[in-house]
């Protein structure tokens, strides 16, 4: 599981604690009969590791499997573990103290050592895996939204022509307000399977982007963002195919959310509304449509491009095209 999928379990929790295991892999012994496989040479002598070293291909999976086995009885109940990071979450203070006691007992019984300077206890908000976890949901670590905060307005004719509109004081004020809105917590809400889903998609010549939203009774709120650059072959797709690829990519990325749910898809490519009725589908379209139809229940609705919030994820300015397009998986 990825980090953002693990954090989906936190909905409704009020108290959080974080424990960091000191030295990570070095707390796991290598079987005596396998130590020779870790041998390395220095100018002084030959040596073998007695504990799992950093840099070995199977080290992360072996370590994760070991700690998962140790905390098996608490996993997905009050504990999330991602390598050497342990997050304990509870709905009440009393329950949280009991959960902490159970975690400490397992740490003690298995002789696992923690790093006190990187531990936090009984918090309403803390940083975990690059996210700010709180009672309100998952917020973005300020360091991760630096690109948006420093996103510059068009500064020359080429950039202004690329964006195709006038840039005066009114537009600058709206641009500044948009940056504040996008980077102000709470930024992302934790998904709730009881609330309806909406997916807004868009594609450009260089990238595809999508936003997953839900209505929690306060209007639509963002749950996740996803985008990626187009591969060389994909850049040659027609506009129709790029827009359809975006929908397929969004459903693949958020499959764990959208399977079994009623989903509204909003796109600025009008012909996708009639996707099921198109008579002459090529093999690629058939493959994509088969994936969507056999796994999801969705309705595609046309939304004018001027009102498409996914548009910015696919069209960064010239100064930002060299960097990774914003995505929840790498925030």
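Points worth noting:
- Filtering the range 65-86 to residues that are under 17 Å from residue 105 (Cβ atoms) and assigned to a loop (DSSP other than H, G, I, E, B) leaves 71, 72, 73, 74, 77, 78.
- For the range 211-238, the set of residues classified as closer than 23 Å to residue 9 by Cα and part of a helix (DSSP H, G or I) is empty.
- Residue within the range 222-231 that is touching a residue at least 24 places away in the same chain (Cβ under 8 Å), surrounded by 22 or more Cβ atoms within 10 Å (Cβ to Cβ) and under 18 Å from residue 291 (Cα atoms) present: no
- Within the range 201-210, the only residue that satisfies the criterion of being crowded, with 16+ Cβ neighbours inside 10 Å and in a loop (DSSP other than H, G, I, E, B) is 204.
- Residue within the range 229-251 that is modelled with pLDDT under 90, over 13 Å from residue 201 (Cβ atoms) and touching a strand residue (DSSP E or B) at 6+ places or on another chain (Cβ under 9 Å) present: no
To keep it simple, each residue is scored yes or no on (1) surrounded by fewer than 18 Cβ atoms within 10 Å (Cβ to Cβ); (2) touching a residue at least 24 places away in the same chain (Cβ under 8 Å).
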{"position": "170", "(1), (2)": "yes, no"}
{"position": "199", "(1), (2)": "no, yes"}
{"position": "235", "(1), (2)": "yes, yes"}
{"position": "243", "(1), (2)": "no, yes"}
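- Flag if residue 269 is assigned by TED's automatic domain parsing to the domain that holds residue 201, in contact with a helix residue (DSSP H, G or I) (Cβ under 6 Å, 6 or more places away or on another chain) and surrounded by 12 or more Cβ atoms within 10 Å (Cβ to Cβ): yes
- Residue list for the range 251-266, filter: within 15 Å of residue 297 (Cβ to Cβ) and surrounded by 13 or more Cβ atoms within 10 Å (Cβ to Cβ): 251, 254, 257, 258, 261, 263, 264, 265
- Only one entry in 112, 100 is over 18 Å from residue 15 (Cα atoms), crowded, with 17+ Cβ neighbours inside 10 Å and in contact (Cβ under 8 Å) with a residue 60 or more places away in the chain, namely 112.
The values are calculated or read from the model by the stated rules, or taken from the named source; none is laboratory data. Computed from a predicted structure; not experimentally measured. Reconstructed Cβ throughout: ideal geometry from the backbone, glycine too, with neighbour counts over all protein chains shown.
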